[in-house]
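The values are calculated or read from the model by the stated rules, or taken from the named source; none is laboratory data. Small disclaimer: the values here were computed from a predicted structure and weren't measured. Note that each Cβ is placed from the backbone with ideal geometry, even for glycine, and that neighbours are counted across all protein chains shown. The accessibility values were calculated without ligands, DNA or RNA, using every heavy atom of the protein model including side chains. Shrake-Rupley method; radii C 1.70, N 1.55, O 1.52, S 1.80 Å.
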Amino acid sequence: MSSKEYILVTGGAGYIGSHTVIELINNGYDVIIVDNLCNSNYDSVARVEYIVKKPVKFYDVDLRDTAKLSEVFSTHKIKGVIHFAALKAVGESTKIPLEYYDNNVNGTISLLTVMKNHGVKTIVFSSSATVYGDATRFENMIPIPEHCPNDPTNPYGKTKYMIENIIKDIHGSDNSWKAAILRYFNPIGAHPSGLIGEDPLGIPNNLLPFLAQVAIGKREKLFVFGNDYNSHDGTPIRDYIHVVDLAKGHIAALNYLRNLNERDGLYREWNLGTGKGSTVFDVYNAFCKAVGEKLPFEVVGRRDGDVLDLTANPTRANSELNWKAELSIDEACRDLWKWTTENPSGFRIENYQWKLFNDSKRVDYDSRLHTVRVKDLEVSFANYGALIQCIKYKNKALINCFCGIEKYKSPSNPLFGSTVGRYANRISNGEISLGGQIFKLDKNENNRNTLHGGANGFHRQTFLGPVVKGHDSCITVEFTLLDKDGNGRFPADLVTTVKYSVRSNSIDVEYESSIDEGSRAEETAVNLTNHTYWNLGEEKTIDGTYLKTASNEYLEVDSASLLPTGSFAEYPKDLTKGVTLTNDIKLDNCFVVSKSIQSIDTRQETLKQVAELSNSTTGIHLKVRTTEPSFQIYTSDQTNISPFGSRSGISFEPCRFIDAINSKEFANQVTLKKGKVYGSKTSFEIS
Ligand code: UPG
């Protein structure tokens, strides 16, 4: 067991759980998520990782599986638990109460048993204002204080009430337990990044998720459940709290428990609300303002169980936890609208699937294979190296690939499909000079040069995400990586995103890198490309395939060191006229697109066609376009990894000139300063 201490978050893939995981990580906690994904989606975890730029451990475990849960506690040192995992739909709970009691109550008993057995006695429990039931039955209980008597009115609420009491009794039996019971009012909104939010299955029950679906045209109109209540506009009053504020409340509670004296236990309830009541029409108006139009609604009869006013008195949390809700309903509506418009079908993207991409002994959610299909084009991407694993057009495979991850990790893998970085191609003598300082990088090529970012270049790293978005005509798959200062002895923490856009006949690859705000070093060298090996034919060789380039001029390299001589030369056979590849056309050359492109972000340039490839047997045609100043072509003459031998594929690697960092003429292309952005775009069009 490693010495690292974790906070275990049950239900961390869900709406409130995922937002809380972000806050935990932002506050320096290491997190393990346990979730059975029955009402949530692993993609939310992938997006959390994308946001925080760190991997988060994940276990697909149902809390009722005590043995499996116990294994997680035996494998990692857990110092506390935040417990969200539960079924939560009020209406559904009245129809399937047994499932609610089993899942919520038995799940919690199993969790608490495992915690007890492992000596973990700190718990923050996700409870609900629903435990109060109809607080309007009393005089002077609105806004609702924690001492308001409990009387939940539905099975869901009763499970929360029962769990609170179970935890209270455990604390009663052993008062060294530290338990924070957080009673939420009405959580709304989404993460301001627009990457995570509430993703209800079926018809939403709650006001804002329903209204959001009206706004994107999924539902015709909002039904307002009654306008004959005693409020300023006749609709009921609730305490709506931004989910990010709510998430922060958990950190405040956890810190409070951890700051208690080691032997002093605690059982205490806190309301998490704003203290401000808003009517249905107040919320409706705020959301319409965010959307920019009046949304259709109809007033219908009252909903069973609804009451006039459920507003929190959050004074206890404000004073004891030093926590206060800070975000407004307008901000929640803005964030919800961003989440909704950018993810109209939530985390579920049509024609996108993923599976684990691990060796057989490991189950590692960070290493997955993602497949998207747009009409005739199917493309698979792996987190490992943010690589393109497979491209199929009309069911014909077009690139060299391995089925399992082991071969991608093998030293003889010629970087099939990989992202190459932080610095593609060679750096002479593994040395760079930035800001007057010399950096001696890892030399991974015969102890002479640094090649493709060194031994632990991007092709050897597991990228986070992806964020997958899209619709019928285009699906985007976006990975990110925080490459730490010192990896390969490069200076600066570098954040890179690799965005693939798949359309029915093209794959665009877009790179963006910048130095992380927290990085001490202010400058680094960047050069990124992709290393996909194409074979458009039916044979094991590319010979016989037709190639035409837009340029015949290449950067001359010394035949021994493979480093630029400083001169340019013409390739002996004029490739711009088109050639049928034969064994004597051995290419590993950096061809010129433009010597005048000096920008670190070439995305402003127009995409220029640099090469085309076609195979007469299959009739498949590839066009390569790029914004980059040069492109390497490699005919894989050195490839030797079964079943792929020499000349089994051809790669087109648009990037910056070889060793540009050490050239006066081209160093600007690859010198990235803090605050600036490196970028490039390449498009592969298939027909
Ligand atoms: N409402 C409508 N139309 C709709 C949905 C809701 O008019 O389509 C009204 C509803 O009558 C209520 C308000 O909007 O006045 C809020 O309703 P809803 O979003 O369903 O939340 P609540 O009924 O207040 O319940 C939420 C949680 C519940 C939790 C409670 C705590 O769903 O789990 O216990 O807040 O206050």
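Of the solvent-accessible surface of the chain, computed with a 1.4 Å probe and all protein chains present, 46% belongs to carbon and sulfur. The calculated FRET efficiency for residue 462 paired with residue 303, based on their beta-carbon distance and R0 = 51 Å, is about 0.60. Take the Cα of residue 151, step 7 Å toward its Cβ, do the same at residue 616, and the gap between the two points is 8.8 nm. Taking amide H as placed 1.01 Å from N in the peptide plane, the amide H of residue 385 sits under 5 Å from that of 461, 462, 463, each at least 5 places away or on another chain. 3J(HN,Hα) along region 44-50: 5, 5, 4, 6, 4, 4, 4 Hz, from the Karplus curve 6.51 cos²θ - 1.76 cosθ + 1.60 with θ = phi - 60°, whole Hz, x for Gly and Pro. Of the cross-linked pairs 361/394; 396/623; 95/116; 53/178; 355/375, which ones have a Cα-Cα span greater than 23 Å in the structure shown? Violating the 23 Å Cα-Cα cut-off are 361/394; 95/116; 53/178. Residue 481 contributes an accessible area of around 10 Å² to the protein surface, as traced by a 1.4 Å probe with all chains present.
Only beta bridges with both residues in the chain are counted; by DSSP, about 70 percent of them are antiparallel. Amide H contacts of residue 9: 32, 33, 34, 82, each under 5 Å away and 5 or more positions distant or on a separate chain (H built 1.01 Å from N in the peptide plane; Pro and chain starts excluded). Relative to one another, the C-alpha centroids of region 236-269 and region 577-644 are positioned 57 Å apart. Let me know the whole percent of all Cα-Cα pairs from the chain that are separated by more than 40 Å. Beyond 40 Å sits 40 percent of the P(r) for the chain. Once both labels are positioned 7 Å from their Cα atoms along Cα-to-Cβ, the gap between residue 561 and residue 594 label points is 3.0 nm. Couplings for region 28-35, taken from phi via the Karplus curve 6.51 cos²θ - 1.76 cosθ + 1.60 with θ = phi - 60°, read x, 7, 9, 10, 10, 9, 10, 7 Hz in order; Gly and Pro are left as x. Net charge in the neighbourhood of residue 419 (other residues with Cβ under 13 Å of its Cβ; Lys, Arg +1, Asp, Glu -1) is -2. Assuming a ≥ b ≥ c are the square roots of the Cα gyration tensor eigenvalues, decide whether region 24-121 counts as rounded (a/c under 1.5), prolate (otherwise, with a/b larger than b/c) or oblate. Oblate, because a/c is 1.5 or more while a/b does not exceed b/c. Between residue 136 and residue 216, the C-beta separation translates, for a Förster distance of 35 Å, into a calculated FRET efficiency of about 0.55. Computed over the chain, relative contact order equals 10 percent, with contacts defined as Cα pairs under 8 Å that lie 6+ residues apart.
Let's test this: bin the Cα-Cα distances of region 352-686 at 20 Å from zero up to the farthest pair and state each bin's percent. Bins of 20 Å from zero give 33, 61, 6 percent of pairs. Indicate the gyration tensor shape class of region 279-406 (rounded, prolate or oblate), computed on the Cα atoms with a ≥ b ≥ c the square roots of the eigenvalues: a/c under 1.5 is rounded; otherwise a/b larger than b/c is prolate and the rest oblate. The shape class here is prolate.
Note that region 6-18 has calculated 3J(HN,Hα) couplings of 10, 9, 8, 10, 7, x, x, 8, x, 4, 6, x, 5 Hz, one per residue in order, obtained from phi through the Karplus relation 6.51 cos²θ - 1.76 cosθ + 1.60 (θ = phi - 60°); glycine and proline are x. A cut-off under 15 angstrom between Cβ atoms defines the neighbours of residue 296, and their net charge, with Lys, Arg +1 and Asp, Glu -1, is +1.
Net length available on complete extension from residue 228 to residue 392 is 53.0 nm, with 0.36 nm assigned per residue and the Cα-Cα distance removed.
Calculated mean residue ellipticity, 222 nm, the chain: -6000 deg cm²/dmol, from DSSP H runs (n ≥ 4) at -39500 (n - 2.57) each, averaged per residue and rounded to 500. Accessible area per residue for region 352-686, computed on protein heavy atoms with a 1.4 Å probe, is 39 Å².
Once R0 is set to 45 Å, what does the formula 1/(1 + (r/R0)^6) return for the Cβ-Cβ distance between residue 60 and residue 637, expressed as a FRET efficiency to the nearest 0.05? It comes to 0.50. The length gained on full extension between residue 406 and residue 579, counted as 0.36 nm times the residue separation minus their Cα-Cα distance, comes to 58.7 nm. Modelled label positions at residue 266 and residue 315, each set 7 Å beyond Cα in the direction of Cβ, lie 1.9 nm from each other. Taking other residues whose beta carbon is less than 11 angstrom from the beta carbon of residue 229, and scoring Lys, Arg as +1 and Asp, Glu as -1, yields -3. Starting from the Cα of residue 471, move 7 Å in the Cα-to-Cβ direction to define the label point; list residues of region 331-361 whose amide nitrogen is under 18 Å from there. Answer for region 331-361: 337-352.
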